[in-house]
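Contents: one structure, followed by commentary.
The values are calculated or read from the model by the stated rules, or taken from the named source; none is laboratory data. Note that this is a predicted model, so its numbers are computed, not measured. Please note: Cβ atoms are built from the backbone with ideal geometry, for glycine as well, and neighbour counts cover all protein chains shown.
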Amino acid sequence: MIHGLEGFYWVARCEGYASAARAFPYPITQPAVHQQVRKLESELGCALFERVAKARVRLTVAGRLLFDFCAPFFENLPGVVRAVRSGEVGGVLRVTSGSLIVRGLLPGWIRRLFRTRPDIAVQVEEHTSPTLELLASGQADLLVDFVPSVAAGFIARQVGLAHTFLAVPAGNPAARRGRPTLRQLRGEPFVGYAPGTVHHALQRQALEQAGLDPARGLAATNVDSILAFVRAGLGYSLVPWLDPRGPRVPGVLARRQTGPGTTFPILAVWRAGPVPNPLVDAALRVAPPPGGASGRGSRRPRRPDTRGVVDP
């Protein structure tokens, strides 16, 4: 039926069989065009054209209905073919990311993508803990977050750097002294990420290295909630932040931690495969450089040091 629809489209557009044969994108005779249309009319059981002059036809009511349906396909087909051949394929890029990345890194990145590729739309879904299963199952095209290790079958590129900050209520005695440390907060409640997440494991590792085991505290799913609890005086926390100057939240004193295990690469991760994803490729062409510095970043970064926070 596709050949019949193609012949029908050109006859309707050119209002005649002879002119349709001349307009076809490949060589074809007038009788062949006429045969395509006659076969289509036979399959549908109705006339699609009526003759109004020797070499001119016009659509019947049924023909107008069919033309309105198939015309967009044939009119857009050449552009789609050019896009496929050039690799400039548009569509919906599905991104999964944590809330910190959604707020601090993705807006500028997506703005650059829209500027260069207006044919690409972006669908962002926030997750509480990064998992490669979202990519493996096809639920997402691109994962952007701190990922402790990248398994075989996936490719990663660093697009940012998260710094660790000790966040303390401004009214806490340790904060009033100006340079709070973890050891000064012994016995204080801790506000952490929800158990079972990568970020919670890193927080616990840092506390254990400092010899701390808070007896009570709160758990939250994102850094904004954690900082809100800290601001309310409900405890202290260790939080990641993309800006090396740290979070600027009224009522919270944030002190940047230094040493091994206090910085974490933010990775863009996607599935490896024999057929590249043109939407991912387009996004990577305008991706942020790692750590905010110039450069393209490593496609397979080394595993980060997660031995915990120093300067206790």
Collect the residues in region 122-134 that are more than 20 Å from Pro288 (Cβ to Cβ) and either at pLDDT below 90 or in contact with a Leu (Cβ under 8 Å, 6 or more places away or on another chain) (or both), keeping them in residue-number order.
-> Thr128, Ser129, Thr131, Leu132, Leu134
Does region 251-271 include one or more residues that are over 30 Å from Val84 (Cβ atoms), of a type in the set (Lys, Arg) and touching a residue at least 40 places away in the same chain (Cβ under 8 Å)?
-> yes
So, in region 176-201, of the ones that are touching a helix residue (DSSP H, G or I) at 6+ places or on another chain (Cβ under 9 Å) and among the hydrophobic types (A, V, I, L, M, F, W, C), which residue ends up farthest from Leu100 (Cα to Cα)?
-> Leu185
Members of region 220-235 that are out of contact with any Ser or Thr (no Cβ under 9 Å at 6 or more places or on another chain), more than 24 Å from Ile266 (Cα to Cα) and either of a type outside the set (D, E, K, R) or buried (at least 20 other Cβ atoms within 10 Å of the Cβ) (or both) | Ala232, Gly233, Leu234, Gly235
Criterion (in the same structural domain as Leu267 (by TED's automatic domain parsing) and either assigned to a loop (DSSP other than H, G, I, E, B) or in contact with an Asp or Glu (Cβ under 6 Å, 6 or more places away or on another chain) (or both)) met by exactly one of Gly196, Gly192, Gly160 | Gly196
Taking region 159-180, which residues are within 15 Å of Val230 (Cα to Cα) and within 39 Å of the chain's Cα centre (by Cα)?
-> Phe165, Leu166, Ala167, Val168, Pro169, Ala170, Ala175, Pro180
Where a residue in region 177-205 is crowded, with 18+ Cβ neighbours inside 10 Å and its partner, wherever it lies, is in a helix (DSSP H, G or I) and aromatic (Phe, Trp, Tyr), with Cβ under 8 Å and at least six apart | Val191/Phe229
